[in-house]
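Let me begin by presenting the structure, written as structure tokens, before commenting on it.
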Amino acid sequence: MNVVFMFRRLVFVQVMIGIVAFCLAEPPHGNPALLLVAGTLCVLSWYVAEGPGGKPLPQWLINLGAMAAIAWLGVDLIFRRHPIIVGMCHFTMWLQILQLYGHKKNREYGLILVLSMLQMIGASILSVTMLFGILLFVYSVVGLFTVLLFQFKTTSDDILAHRRRSATRPSSVSRPKPVVCRGHRWQFRMVAMFVGSMCAIIAVACFVLVPRTSRFADNPLIAGIGASQIGYTNRVNLNAAPPTIDNREPVLHLELSSDQNESHHLLRGSALDFYDAASRSWMRGPEIDRLDRTLSLDEPANVGQLRRGEAYVDATVTLRNNHRRTLFSLCPIVQVSSPSLHSVKFNPFDQQLSSDASPNKVMVYHFRTPARHTLRIAPAMSPRVVLRQPRGEDGWRLFSRNQKFFTYARGWDVEREWLAKHTLNILRDALKEPDLTRDPATVYHARDYEWAKVLEQYLQTKFTYSLTNFPSHGRDPIIDFLDTRGEGHCELFASALTAMTRSIGMRARVIAGYRASEYNAIGDYFLVREGNAHAWTEIDCGPMGWQTFDATPPEDVAAAHAANRSWASGLSDLYGHLEFLWIDTFVAYDKETRDEVLSSIGDSIRGATTDRDSFIGGIVAWFGDLIERWRMNQFSFSIMAITFVFICIGVGSLIRMTIVRRKRMTALQLTKLSRPQRNRLARRLTFYLDMLELLGRYGYDRPQWQSPFSFATDLSKTDLEKFEPVLGLTEHFYEIRFGHRESDAARQQRIRELLKQLEQTLAGRKDVA
Amino acid sequence: MRRSRIQIGPSGLLYLVIATLILGAAIYTQANLLFWSFGLMIGGLLLSIFIALGALRKVTVTRLPPGHGVAGEPLALRYQLTNGRRFWPTFNLIIRETWGKNRRQARRVSPVAQQQLTGQPTGWILHLAPGQTAMAEAICWPTRRGMLAFECIEVTTSFPFGVLKRKIRVQQQDEVLIYPHLYRMNRRLMFQLSEFDMAGRQHMDRGGGYEEFFGLRPYRSGDRLKMIDWKHTARFGEMVSREYTQPTPPRIMIVLDLTPKPASKLQVDAVTKPTRRWWSLRKSGVMQRGWSPHPTDGVERAVSLAASLVCDAYFYGYKIGMVVKGGNCQPVPTHHSLPHRTKMLESLSTVHRDDTRHEAQAFSKSATVVIQLGEAADTPSPNGCVTLSAAQLERYIRENESVSEELLSTQTVSESRRAEVHRVSREADEQQGIQQARAKEETLA
């Protein structure tokens, strides 16, 4: 087993895995450029420092590189404003690479391993993807073997150094050759596998049992990491960056009970009815927030009513990483239920669902929606009515007018005259009706739906979809988009349509959510990623209720959100499915999940012990019934307790006898004989044990390694007269043990005399002393 | 007696620090991967404790000391380790020699502290399979002749992660006799000693050899045909065999004179400060490290010279004997055999100066070589005795040859080889004489 050879390669592999894992984990979507540079430098280090004819770089150059790494850390933290943890990971990575180029002794190897481990700790904070988890697992396996071999290498080096220090000609001392027994390779692998498996089992137990806090970490170490990863926001800022489409992190699964034959579904999250011109942001009006109602989900909660005979679709959403407490649903919904949530908040005016549960928790909830989005089914979506639950009824179906919300999602203040005129001109041109007009004070017009469709098509055809953000410093971004720029992202399209319809008196709001278009054939669900964040518009069309209009060019959005389907799509689907399972079971494990797991384990144990049909339950029940079955009274209990005590004493005595017997056999050197021979000789050689015991009482103990003859000789050398009986007894011992002499009466008599003589001499000397 | 102990080392402390760091990071960030990593670290720690508790159970160790060693030469101590368990192997076992009850006591009483050894003998077994026995070897370098005592064997393992170190100490007392420093003697000196025979005889007055005619005797069954004297057989009517004499091997009687002599300048220099020549010897490795300046170095050098002479004489097949003046050693008559050589070396290993024993020994009258502490001429004395000075040891040894296994081997050179050595030495002498003559002529010219 060439320990040094294997160890050097394992260290190199471990560092490489660490660098790859960190570069993949670096926010927001990995750092391929860094991976290329660091990976190339790392690979080159092998040829420069370790390869045939390789020569390590001088120490002064390594020190210079370390100073450059410190300077780079400053640049990372101060100028590039990276989070501290990212900067520290960069720093440790550069130090590792520098150490790889230098001359390496055990100290340097230890330093490289510790730095690599610190880097992986940092990367574990930054990323939770399954790919990183796989790399971390591989890293742990390689690390296990590296540490094991490091033990061997350090020992070998220590012994070599020790021998060279001691040797008269140090140059002639070569590395000690490892002494191994037969089958060392597979035994080492088996032990390593056993150690690794046990570590993994204990790690899983620790992972499940270690208490968590429900507080989500919000600290300077990782500040800024999460924000850059989010595509969906419940507040649309038109001056900020557009929703990212590059983030492939899964957010939710959407499972539908029937095939809808639709290429995509719009999952609405937040309904934003208020535009703040100062901050150029869409947000939810505060008066709407106050109308959130808490629905208990102990039983399915009805929030609407289906028409008789109306077809419906049951949908299941598995949502993770719900940092904004928003639950996503199709529109409209008539029923909500959940196995993992005790309650949800529902607002009847904007149909928004939210939850107060822990943001790390994976939420699974079901909702029922009509197969066709007909407005009559969802009267609660109209702001002119209020949802109430009548007495004695389960559903929410009593509606009444409420003048307070007459102004809900209405009106436009930013360059309203120009925008209204511009909108009407568009409608007139499109419908070729030069006299077309609409009173802004009118809440509802019979042709609102038609006009909204015209405006939607106008934006879809005349404007260009672009993810480039142009911050407009002077003019409002919506007006700028409509008047001059003519290109923008989905939020601008949705805002523009909302602003145009509002400017002519219609009721409209911006909806932020996700566009579910990636169908996973393996899991039979739509997989929604952060990059699928989208915005669209809902317009109140009077009797038709609130209707969905997506002004963004559909082909462009579909192209931006499309997952590349190729021969590897199956693998991609599988990976996506596994990744969601990973997130569902591992990443989202938090305090509540832990409590649930522990309580379920407790329930399982309790259930198993109480269930008389199960094996354990049967045993418990049998013991429970014992008292009744045997009709035991106090006396019976006493008898049983005494019996139990005697059994314990008996078992203890048996164990003690076995131990004593084993010691006696060892002392008499009979361990390698067959059992009958052993027993026969043990009976005959009892005198020798008596002699040893006698000597032991006076402080003369025979070491285990010393033979009886050597012991007797040593004693006689100290005092021949005193220990002469020992010599005689030892002679008898050898004659019986190895000479196969019989222990006849004469011999026994002689032995007794010798023992007596020994006792007397020992006692006499003691008295003198 | 067997004692076991579990310790935590520096690497264990580092392990705990990293585990604590991971736990802190996990609690601070609530990152599940860090909780998992922390679980792995805890798993490693628990396994280390579990494995350390059972690592050296049923592992027995026995020292197998060699019969002797040579000062300045590597001494291989062998250990027999047996793993009595059925299933679980043991890895990375370090076997060390220790002395005393603890480290403090070891610093005072160990041979390392007393400069008998240059370091603690340490062996290594990478893998000890269940139910199998393996042999480990620990190399040490004794620096002085005499009895080297071993007391206790310490077996250590820190498998698997180096977090905990399991250690057992097994008492086993052994002694190894260390021979003095041995050197290859100069061939010319050996040739000079081999030619010297007081009686001038080359053959023994005894039959049984193949040298010269010794006499006749009746034929015995088994005699070779060519030994039969056919003429006398025909004359006497019964088979008669010829007898030939045996050769007389060179005989060397050493007188090791340890009585103090008036110190000459050379001796003082050799004892008190290393000369340039001495330093070059140490550097070349002939005189190894560990030969530190010592007041009794003169005695040591004399003993080394005598021991080297004994070994070389055995190697070339000479009979050799020894008398020690001023030392606690019984006289040894001349003889040539392996036990004889061993006996002489053992005597020289334990000899020390005894100023009360100055009486002349009977054997010293037949001395051929006298080894003195002080300065002396190497020319034969009037009674034919060669006097060698311990202070001029470097003159009698081969500088470029260290002690090899050959020197202490049980083999001796053959007669033809011995003749070859003598021939080479004679030619070398002649060559040297020619060169000296030429040099003289050139100087004169």
So the check is Cβ under 8 Å with 6+ separation or different chains; which pairs have a first residue in the stretch A:1-13 that's within 14 Å of chain B (Cβ to nearest Cβ) and a second one that's crowded, with 18+ Cβ neighbours inside 10 Å and among the small types (Gly, Ala, Ser)?
A:Val3/A:Ser156; A:Val4/A:Ser156
Criterion first (in a helix (DSSP H, G or I) and either in contact (Cβ under 8 Å) with a residue 24 or more places away in the chain or open to solvent by less than 10 Å² (accessible area, probe 1.4 Å) (or both)) does A:His577 satisfy it?
yes
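Just checking, does the stretch A:192-202 include any residue being modelled with pLDDT of 85 or more, within 30 Å of B:Phe161 (Cα to Cα) and of a type outside the set (A, V, I, L, M, F, W, C)?
yes
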Qualifying position, being of a type in the set (Asp, Glu) and touching a helix residue (DSSP H, G or I) at 6+ places or on another chain (Cβ under 7 Å), among A:Glu491, A:Glu530, A:Glu538
A:Glu530
Looking only at the stretch B:61-106, count every residue that is of a type in the set (S, T, N, Q), within 9 Å of another protein chain (Cβ to nearest Cβ) and within 29 Å of the chain's Cα centre (by Cα) and tell me the total.
1
Exactly one of (1) within 30 Å of B:Gly119 (Cα to Cα); (2) among the aliphatic types (A, V, I, L, M); (3) within 7 Å of chain B (Cβ to nearest Cβ); (4) open to solvent by 20 Å² or more (accessible area, probe 1.4 Å) is unmet by A:Ile159. Its number?
(4)
In the stretch A:76-88, which residue that is under 24 Å from A:Val114 (Cα atoms) and of a type in the set (A, V, I, L, M, F, W, C) is least open to solvent (accessible area, probe 1.4 Å)?
A:Val86
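If you check A:Leu755 against the conditions, is it in contact (Cβ under 8 Å) with a residue 60 or more places away in the chain and either assigned to a helix (DSSP H, G or I) or open to solvent by 40 Å² or more (accessible area, probe 1.4 Å) (or both)? Give the steps one after another, and end with the answer.
Numbers: in contact (Cβ under 8 Å) with a residue 60 or more places away in the chain: yes; either assigned to a helix (DSSP H, G or I) or open to solvent by 40 Å² or more (accessible area, probe 1.4 Å) (or both): yes.
In short, yes.
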Where A:Asn402 falls short, out of the listed (1) touching a Lys or Arg at 6+ places or on another chain (Cβ under 8 Å); (2) among the polar types (S, T, N, Q); (3) modelled with pLDDT of 75 or more:
(3)
Selection status of A:Arg594, loosely packed, with under 11 Cβ neighbours inside 10 Å and touching a helix residue (DSSP H, G or I) at 6+ places or on another chain (Cβ under 9 Å):
no
Counting residues that are closer than 26 Å to A:Leu755 by Cα, which helices (runs of 4 or more DSSP H) fully inside the stretch A:600-699 reach at least 1?
A:634-667, A:675-684, A:686-697
Of the residues in the stretch A:302-334, those that are open to solvent by less than 10 Å² (accessible area, probe 1.4 Å) and part of a strand (DSSP E or B) number 7
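A quick yes/no check of all residues on (1) more than 14 Å from chain B (Cβ to nearest Cβ); (2) basic (Lys, Arg); (3) over 25 Å from B:Gly9 (Cα atoms):
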position: A:Ile85; (1), (2), (3): no, no, yes
position: A:Cys89; (1), (2), (3): no, no, yes
position: A:Leu98; (1), (2), (3): yes, no, yes
position: A:Asn106; (1), (2), (3): no, no, no
position: A:Leu113; (1), (2), (3): no, no, no
position: A:Gly143; (1), (2), (3): no, no, no
position: A:Leu149; (1), (2), (3): no, no, no
position: A:Arg163; (1), (2), (3): no, yes, no
position: A:Ala167; (1), (2), (3): no, no, yes
Answer yes or no: is there a residue in the stretch A:100-117 that is modelled with pLDDT of 85 or more, open to solvent by 50 Å² or more (accessible area, probe 1.4 Å) and in contact with a Pro (Cβ under 7 Å, 6 or more places away or on another chain).
yes
For residues in the stretch B:139-179 being part of a loop (DSSP other than H, G, I, E, B), touching a helix residue (DSSP H, G or I) at 6+ places or on another chain (Cβ under 9 Å) and within 12 Å of another protein chain (Cβ to nearest Cβ), which is farthest from B:Leu93 (Cα to Cα)?
B:Trp141
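Can you pull out the residues in the stretch B:31-52 that are among the aromatic types (Phe, Trp, Tyr) and facing chain A (nearest Cβ under 7 Å)? It would help to see each step written out before you state the result.
To start, the set of residues in the stretch B:31-52 that are among the aromatic types (Phe, Trp, Tyr) comprises B:35-36, B:38, B:50.
If the condition is that a residue be among the aromatic types (Phe, Trp, Tyr) and facing chain A (nearest Cβ under 7 Å), then B:Phe35, B:Trp36, B:Phe38 are the ones that fit.
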Residue under question is B:Leu182, and the condition is that it be more than 12 Å from every other protein chain (Cβ to nearest Cβ) and part of a loop (DSSP other than H, G, I, E, B); does it hold?
yes
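Yes or no, residue by residue, for (1) free of Cβ contacts under 8 Å to residues at least 24 places away in the same chain; (2) more than 23 Å from A:Ala409 (Cβ to Cβ); (3) in contact with a Phe, Trp or Tyr (Cβ under 6 Å, 6 or more places away or on another chain):
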site	(1), (2), (3)
A:Ala452	no, no, yes
A:Leu455	no, no, no
A:Thr464	no, yes, no
A:Leu482	no, no, no
A:Met500	no, no, no
A:Ala508	no, no, no
A:Pro543	no, no, no
Condition (residue is over 14 Å from B:Ala306 (Cβ atoms), at pLDDT below 65, among the hydroxyl-bearing types (Ser, Thr, Tyr) and not in a strand (DSSP E or B)) applied to the stretch B:325-348: is it met by at least one residue?
no
Anything in the stretch A:443-471 that is of a type in the set (Val, Ile, Thr) and either modelled with pLDDT of 85 or more or open to solvent by 60 Å² or more (accessible area, probe 1.4 Å) (or both)? List them, or say none.
A:Val454, A:Thr461, A:Thr464, A:Thr468
Considering A:Leu44, A:Leu24, A:Leu34, A:Leu10, which residue is open to solvent by 20 Å² or more (accessible area, probe 1.4 Å) and in contact with a Cys (Cβ under 8 Å, 6 or more places away or on another chain)?
A:Leu34
What single numbered condition from (1) out of contact with any helix residue (DSSP H, G or I) (no Cβ under 9 Å at 6 or more places or on another chain); (2) open to solvent by 100 Å² or more (accessible area, probe 1.4 Å) fails to hold for A:Val645?
(2)
So for the stretch A:167-180 (the condition being within 30 Å of A:Leu574 (Cβ to Cβ), touching a helix residue (DSSP H, G or I) at 6+ places or on another chain (Cβ under 7 Å) and surrounded by fewer than 22 Cβ atoms within 10 Å (Cβ to Cβ)), does at least one residue qualify?
no
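The values are calculated or read from the model by the stated rules, or taken from the named source; none is laboratory data. Remember, it's a predicted structure, so these values are computed and weren't measured experimentally. All Cβ positions, even for glycine, are placed from backbone atoms using ideal geometry, and neighbour counts span all protein chains on display. To get the accessible areas, we keep the full protein, side chains included, count just its heavy atoms, and leave off ligands, DNA and RNA. Shrake-Rupley method; radii C 1.70, N 1.55, O 1.52, S 1.80 Å.
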